[in-house]
Structures are given as C-alpha cells and as structure tokens.
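First the structure, in the form of structure tokens, and then the observations on it.
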Amino acid sequence: MIELWRGNANAWECDELGHMNVQFYLAKASEAVANLAALAGLGNIFRADAYATLAASSLHIKFLAEARPGAPLMIEGGITGTGPASLGMVLIMRHAGSGQVAASFRIEANHVAPKEGRPFDWPERFAAHAAELTVATPDIARPRGLSEAGAETDISIERADALGLEQIGMGRFNSDEMSVFGRIRSDILLGRVSNSVVNFRGAFPEEVDFHMGKSGARIGSALLECRILPRRWPRAGDGYVIRSGLTAAASKVRNLVHWVLDPETGRPWWTMEGVAAPMDLDQRKLIEPDPAARAALDAALKPGLRA
C-alpha cells in the first residue's frame, strides 16, 4: 500500500466520547481517495473545474482504535479492482507513531460526470496506473459484524411508518455540507446519522435515560462498524428525516439500520447499517444491559430490517 494522507485528530473533531467523531474519519479518508485518484492519472477529480469525478456507491468502515485529540494519523491504501466505469479501494488509517490500525475503509465508487452524475468509461491512461496501484484487501478490513447482502429496494416513509421505525433525526442540508459540485459530501452521510443516534431509544435506552437524568453513569454510544449505501445525492436546502430500527442486540453490541429519507418524496437519500455499543464514558468500557434495558431492547427488535 502507498501513503495517501497524513495529519492528526484535531481537538474540534472530537466528541463527547473523548475521541475523534466518526464523521472525521471519513472526511480524512475522502482526502486520501482524492490523492489515490491523482496517482491513478485522474487529476484533481474533486476540483470545481474537473470534467470527471468519483461518486461512492458503497462505503464499509470499521473503527478499530480510538483517536484522541492531537493523535498523529496517516492513511495508506490502494485499488482493489476496476470495472468499465467503477473501482474498489481499500484504505487503512493508522496511528502514525505506533502503527496501530485506527480504522479501515472499503469504498466502491463510480467514474461520473460531475454535473449529471452519469457514469462513463475510464480514460485510456487509467488502466496502467490502476494496475500499479492494485493491492489485496487485508483481512482487517473485511466485514466482521455486518453481512453484505443485497440492498433493500422497498424503502419509503410509508414503509417506515408501517414498520414502526423510530424517527431519530430531521433537518435540512446546509451549503457548507456540499461538495464543489453542489452535492452532499460523503462524510456528511455518516455525520448526520452520528449526530442523531443519541435520540435512538430503541437501540440505546441506557443513553437516553442518562440524558433524561435517570442514570448516574455517563453513557454514550460508540460505532464499531458501518456500511453506507448512497441512493441519491441531496443538495443544499433539501430536507431529511432519519427512521431507524434495531435488528439485533447481543450482550454488548447492537445492530442498527437507518433510512435517511426525503420528506418531500418519501424516497431514500441513503441507507446505513451499523454495529454499535453503549459505553461507560468514565470507565472507558462497553457495558452490558441490565434486566430493564434487556427487556426494552427485546421489545424494540425489528428482525429482517435491511439497509
């Protein structure tokens, strides 16, 4: 693998859990993708005057070690495969001092026209560069708690209502969340869900109780792994609602599905599946549910729900 990015975990990128928020892992990975594209002969694909860019069709991320404020970080990676107008990439984020893996990213993307989002074939120069950058996917980047079954097709606000999915977030997308092409940035796909999950009583009754003053322990929820499937790319001013369901709850980890929907049309913007766990913020360890929380989790289960 080749080095593609180097920097640090800024204090302002860290959240109430005391470590870098998941959105900023993906923001830094997006810079690494741009550097990988340049090495592959594609030029400045994320510049406003680019004639072609990359649009993600699937993102799989594993969060493997905390990055505390100020931690030096680096990302290495390469290309895992190509199609006529698509490619797969793998990135590994490491703590630059120790070499410990902080996160892994597997990204599938399409080569598209910036304005229309229409896929088109690679330029001739791409094949030779891509061959030089091809790597095998390391085992540490492969899925652990998630399946990669086919994407759900029957997604709408009406179906979310019928399934009784919780509404954990809603709002509007802002201009500072857009790329130079006027479409939402990839890191915002993760950030908007991360910023809303604190409301997800069905999956994290302990955390909700803490914020309601019903618990003495300080509880937060930590995302361990996720898969994001972009369906359409919102623009500034578009609205969204997040409807979520708990699909499984083991002793410490919980599987979640989030549908991020357009309230105007009812159609999905993107969907996400995650593996997360409640964490005691003082003892810095994952917690197991007590009997009351266990009963609440069992009652909230939506088996069969997919992203």
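Shape verdict for the range 151-209, please, from the Cα gyration tensor: rounded (a/c under 1.5), prolate (a/b greater than b/c) or oblate. It comes out oblate by the Cα gyration axes. As a proxy for reagent exposure, ranking H211, H95 by other Cβ atoms within 10 Å from fewest up yields H211, H95.
What whole-number distance in Å separates the alpha-carbon centres of the range 147-173 and the range 275-307? Comparing the Cα centres of the range 147-173 and the range 275-307, I get a distance of 20 Å. Per-residue Cβ neighbour counts within 10 Å put V275, V180, V193 in the sequence V180, V275, V193, beginning with the fewest. Around the Cα centre of the chain, unit charges on the Cβ atoms of Lys, Arg, Asp and Glu (plus for the first two, minus for the last two) sum to a dipole of about 100 debye. For the chain, the mean projected area of the C-alpha convex hull, equal to one quarter of the hull surface, is 15.8 nm². Distances between placed amide hydrogens fall under 5 Å for T80 paired with G88, M89, V90, V135, all partners being 5 or more residues away or on another chain. The residues K302, K28, K214, K62, when put in order of fewest to most other Cβ atoms within 10 Å, stand as K214, K302, K62, K28.
At R0 = 35 Å, how high is the FRET efficiency between A250 and D49 if r is their beta carbon distance? Nearest 0.05 is fine. That pair, A250 with D49, gives E of 0.10. Put simply, the amide H of W5, placed in the peptide plane, has neighbours under 5 Å in I75, leaving out anything fewer than 5 places away on its chain.
Evaluating 6.51 cos²θ - 1.76 cosθ + 1.60 at θ = phi - 60° for every residue in the range 221-237, the Karplus couplings come out as 10, 10, 7, 9, 7, 7, 10, 10, 10, x, 10, 9, 10, x, 10, 4, x Hz, glycine and proline recorded as x. Here is the list for the range 1-93: chymotrypsin sites (Phe, Trp or Tyr not before Pro) lying in DSSP coil, each with at most 12 other C-beta atoms within 10 angstrom of its C-beta, are Y51. Kirkwood radius for the range 147-307, taken over all pairs of different Cα atoms as the inverse mean of 1/r, rounds to 16.2 Å.
Couplings for the range 19-29, taken from phi via the Karplus curve 6.51 cos²θ - 1.76 cosθ + 1.60 with θ = phi - 60°, read 9, 4, 5, 4, 4, 7, 4, 6, 4, 5, 5 Hz in order; Gly and Pro are left as x.
Converting phi to 3J(HN,Hα) with the Karplus coefficients 6.51, -1.76 and 1.60 and the offset θ = phi - 60°, the range 277-293 yields 8, x, 9, 6, 6, 8, 8, 6, 9, 6, 10, 9, x, 7, x, 5, 5 Hz in sequence order, with x at every glycine or proline. Each Lys and Arg adds +1 at its Cβ and each Asp and Glu adds -1 at its Cβ; summed about the Cα centre, the range 1-142 shows a dipole of about 40 debye.
With the cut-off at 1.5 for a/c, could you classify the range 219-307 from its C-alpha gyration tensor as rounded, prolate or oblate? Taking the square roots of the gyration eigenvalues as a ≥ b ≥ c, the range 219-307 is prolate. Each Lys or Arg adds one and each Asp or Glu subtracts one; over the other residues with Cβ under 14 Å from the Cβ of G237, this totals -2.
Counting lysine pairs in the chain that sit 8 or more residues apart in sequence, or on different chains, and whose Cα atoms lie under 19 Å apart gives 5.
When you filter the GluC sites (Glu not before Pro) in the range 112-154 for DSSP loop state and at most 11 other Cβ atoms inside 10 Å of their Cβ, you are left with E116.
Between E225 and F63, V275, the built amide H atoms are under 5 Å apart, and every one of these is 5 or more places off in sequence or on another chain.
No value in this document is a laboratory result; all are computed from the given coordinates. From a predicted model like this one, the values you see are computed outputs, not experimental measurements. Quick reminder, even Gly has a Cβ in these numbers, built from the backbone with ideal geometry, and neighbours come from all protein chains shown.
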